[in-house]
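Engineer: Structure incoming, see below.
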Amino acid sequence: MNNGENCKRRRKEGFTADEDDGENDDSCSSGRETKKKDLNGIITSLILLDEQEKRDREERNDALKEEKSVMESTHTKETRTMLEFQSNLNDYYSKIDEADRVKRKKSRVKAATVVATASNHVADDGNGKSGSGQQRRLWVKDRSNAWWDECNRPDYPEEEFKKAFRMSKSTFDLICDELNAVIAKEDTTLRNAIPVKQRVAVCIWRLATGEPLRLVSKRFGLGISTCHKLVLEVCSAIRNVLMPKYLQWPDEDSLRKIKQQFEGISGIPNAVGSMYTTHIPIIAPKISVAAYFNKRHTERNQKTSYSITVQGVVDPTGVFTDVCIGWPGSMTDDQVLEKSALFQRAKNGGLLNGVWVVGNSGYPLMDWVLVPYNQQHLTWTQHAFNEKIGEIQKVAKEAFGRLKGRWCCLQKRTEVKLQDLPVVLGACCVLHNICEMKKEGIDPELKVEVIDDEMVAEDGLRSVSSLKARDAIAHNLLHHGLAGTGFL
């Protein structure tokens, strides 16, 4: 019985085990199917996520392209608007000049008529009264020019003369000799001509002090309108006669010396100039006021400011080698650069192949324009580069400080008309160069700290090759012991 019962029990247990194995097989297969489904679901989700990311990237790229096209079109429109404005402004001033010319012509005709009438009266009086023998002259207000006569004496102290005119007597005489053929006038029967030295002195005194014309008139014993006319005539002569001689781009030999001097200052090779753009305050113009509105100066000084720009490139001694004058004060440094003749010569004529003009962060990095790093979290190499390039930038900034210090008319709003300002500013740059070349020092009290709010260029990178070249220069400066430790 026991054996039989055991057999039944074992068979029963065996059947039960077989059933359990079958159940286990079914559960394992269903688990595998579930895992497979879950895995497929995960893969499907990843594929969908990847596709979604691709779509998002495409949308972002499309948005960036659209934004870039909008910015380019906006820049193009702004450029076109600025050019149209400049053209309209030139037309407007041309009409004003033509009206003034017609007015002056009528005045001369009227004056000639008056003189002829007076001469006829003199002739009639001479015929009627032969004993009188007097000759009439055009009435001129009697003014004292004792101050100028004192300055013009040969024994006048050199120090006092230099304090008044920002240059020595020898440099002043040099300028007079250079301009003599252009500005000299002849005596007439009505009045004696103003001497060349006095003409030049009126102009230089006005530029040096920035005094109002009524005070210049009293000091030199001349009429206010005469002084105004003399300033413009002499400035125009300086620009036409002296600028081609004293303000020009260096030749090959001079460029070689300039490179050596700048490399000695900073360790940066192939630098041929230091560039800076400053603003000259003006009275609010009658037309296109917004174009000349200087927002940055207005915000800083809490006073409405209008200005025009002067962009200059200087050599290591602070002598200007290129200037761009007269663009409205609302334009940024990179916009002024694009309008300059230097930019066009570099772009079309290859003037600056293989050399650098050093500027600040307001200019873009280009094949010929070298600027500092301006991103956050700079490396030691980049800090070192910025320190050394700052030595070159300082040359231009100090040169503009001496320019404004010598010629105080550049520090205040002037009475000169807007269309005549480029001529006056060009003359100041030429006179600055002459003083620098002749080693004419400047009184420390006259030095000016130039403050112009820099704005980082919107399109700060114009050339990938220049980016690599700047990195190579920065690497060489740091790893060849030329960078210094001022950034640490």
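Engineer: Name the residue that is surrounded by the most Cβ atoms within 10 Å (Cβ to Cβ), counting only residues in segment 453-469 that are in a loop (DSSP other than H, G, I, E, B) and out of contact with any Lys or Arg (no Cβ under 8 Å at 6 or more places or on another chain).
Structural biologist: ALA457
Engineer: Across segment 306-338, which residue is farthest from PRO364 (Cα to Cα) among those that are touching a strand residue (DSSP E or B) at 6+ places or on another chain (Cβ under 6 Å) and part of a helix (DSSP H, G or I)?
Structural biologist: VAL336
Engineer: Which one of the conditions (1) assigned to a loop (DSSP other than H, G, I, E, B); (2) of a type outside the set (Val, Ile, Thr); (3) open to solvent by less than 30 Å² (accessible area, probe 1.4 Å) does LYS303 fail to meet, given that it meets all the rest?
Structural biologist: Result: LYS303 fails condition (3) only.
Engineer: Looking at segment 418-430, can you tell me whether even one residue there is open to solvent by less than 50 Å² (accessible area, probe 1.4 Å) and free of Cβ contacts under 8 Å to residues at least 60 places away in the same chain?
Structural biologist: no
Engineer: Another question, then. Restricting attention to segment 1-21, does a residue exist that is modelled with pLDDT under 60 and not in a helix (DSSP H, G or I)?
Structural biologist: There is at least one residue in segment 1-21 that is modelled with pLDDT under 60 and not in a helix (DSSP H, G or I).
Listed here are the residues, each with its yes/no results for (1) within 21 Å of GLU449 (Cα to Cα); (2) assigned by the TED database to the domain that holds ALA208; (3) surrounded by 22 or more Cβ atoms within 10 Å (Cβ to Cβ).
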{"residue": "VAL357", "(1), (2), (3)": "no, no, yes"}
{"residue": "PRO364", "(1), (2), (3)": "no, no, no"}
{"residue": "ARG413", "(1), (2), (3)": "yes, no, no"}
{"residue": "VAL416", "(1), (2), (3)": "no, no, no"}
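Per-residue answers, yes or no, for (1) touching a helix residue (DSSP H, G or I) at 6+ places or on another chain (Cβ under 8 Å); (2) at negative phi; (3) polar (S, T, N, Q); (4) not assigned by the TED database to the domain that holds ILE308:
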site	(1), (2), (3), (4)
ARG199	yes, yes, no, yes
VAL202	yes, yes, no, yes
CYS227	yes, yes, no, yes
GLN261	no, yes, yes, no
HIS279	yes, yes, no, no
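Engineer: Can I ask one more? Got a sec? Which helices (runs of 4 or more DSSP H) wholly within segment 201-295 have at least 3 residues that are among the aliphatic types (A, V, I, L, M)?
Structural biologist: 213-220, 224-237, 252-266, 289-292
Engineer: Search segment 201-219 for residues that are more than 22 Å from SER170 (Cα to Cα) and pair each with any residue that is part of a helix (DSSP H, G or I) and open to solvent by 40 Å² or more (accessible area, probe 1.4 Å) when their beta-carbon atoms are under 7 Å apart and the residues are at least 6 apart or on different chains.
Structural biologist: Correct list of pairs: GLY210/GLN411; LEU213/ILE224; LEU213/HIS228; ARG214/ILE224; SER217/ILE224; ARG219/TRP147.
Engineer: Scan ALA208, ALA201, ALA184, ALA164 and give me the residue that is open to solvent by 20 Å² or more (accessible area, probe 1.4 Å) and of a type outside the set (Val, Ile, Thr).
Structural biologist: From the options ALA208, ALA201, ALA184, ALA164, the qualifying one is ALA184.
Engineer: Looking at segment 256-300 only, could you name the residues that are more than 23 Å from CYS409 (Cβ to Cβ), over 16 Å from the mean Cα position of the chain (by Cα) and open to solvent by less than 40 Å² (accessible area, probe 1.4 Å)?
Structural biologist: The answer is ILE258, PHE262, SER266, GLY267, ILE268, ALA271, VAL272.
Engineer: Can you tell me which residues in segment 315-336 are open to solvent by less than 20 Å² (accessible area, probe 1.4 Å) and in contact (Cβ under 8 Å) with a residue 40 or more places away in the chain?
Structural biologist: GLY318, VAL319, PHE320, THR321, ASP322, GLY326, PRO328, GLY329, MET331, ASP333, ASP334, VAL336
Engineer: Same structure, new question: Answer with yes or no whether ALA237 is at pLDDT 95 or above and outside the structural domain of LEU174 (by the TED database).
Structural biologist: no
Engineer: Here is a follow-up. Suppose we filter GLY223, GLY273 for residues that are farther than 28 Å from GLU454 by Cα, of a type outside the set (Lys, Arg) and touching a residue at least 60 places away in the same chain (Cβ under 8 Å); which single one remains?
Structural biologist: Just a single option satisfies the conditions, and that option is GLY223.
Engineer: When you go through (1) modelled with pLDDT of 95 or more; (2) not assigned by the TED database to the domain that holds GLU436 one by one for LYS257, which number turns out not to apply?
Structural biologist: (2)
Engineer: Being in the same structural domain as GLU263 (by the TED database), in contact (Cβ under 8 Å) with a residue 24 or more places away in the chain, surrounded by 13 or more Cβ atoms within 10 Å (Cβ to Cβ) and out of contact with any helix residue (DSSP H, G or I) (no Cβ under 6 Å at 6 or more places or on another chain) narrows it down to one of ILE434, ILE442, ILE389, so name that one.
Structural biologist: ILE389
Engineer: Also, I was wondering about something else. If I ask for residues that are touching a residue at least 12 places away in the same chain (Cβ under 8 Å) and either acidic (Asp, Glu) or open to solvent by 60 Å² or more (accessible area, probe 1.4 Å) (or both), which ones from segment 229-241 would you list?
Structural biologist: Once the filter is applied, which keeps residues that are touching a residue at least 12 places away in the same chain (Cβ under 8 Å) and either acidic (Asp, Glu) or open to solvent by 60 Å² or more (accessible area, probe 1.4 Å) (or both), segment 229-241 yields GLU233, ARG239, ASN240.
The values are calculated or read from the model by the stated rules, or taken from the named source; none is laboratory data. Small disclaimer: the values here were computed from a predicted structure and weren't measured. In this analysis, Cβ positions are derived from the backbone assuming ideal geometry, glycine residues included, and neighbour counts consider all displayed protein chains. Note: accessible area is taken over every heavy atom of the protein model, side chains too, but ligands, DNA and RNA are not part of it. Shrake-Rupley method; radii C 1.70, N 1.55, O 1.52, S 1.80 Å.
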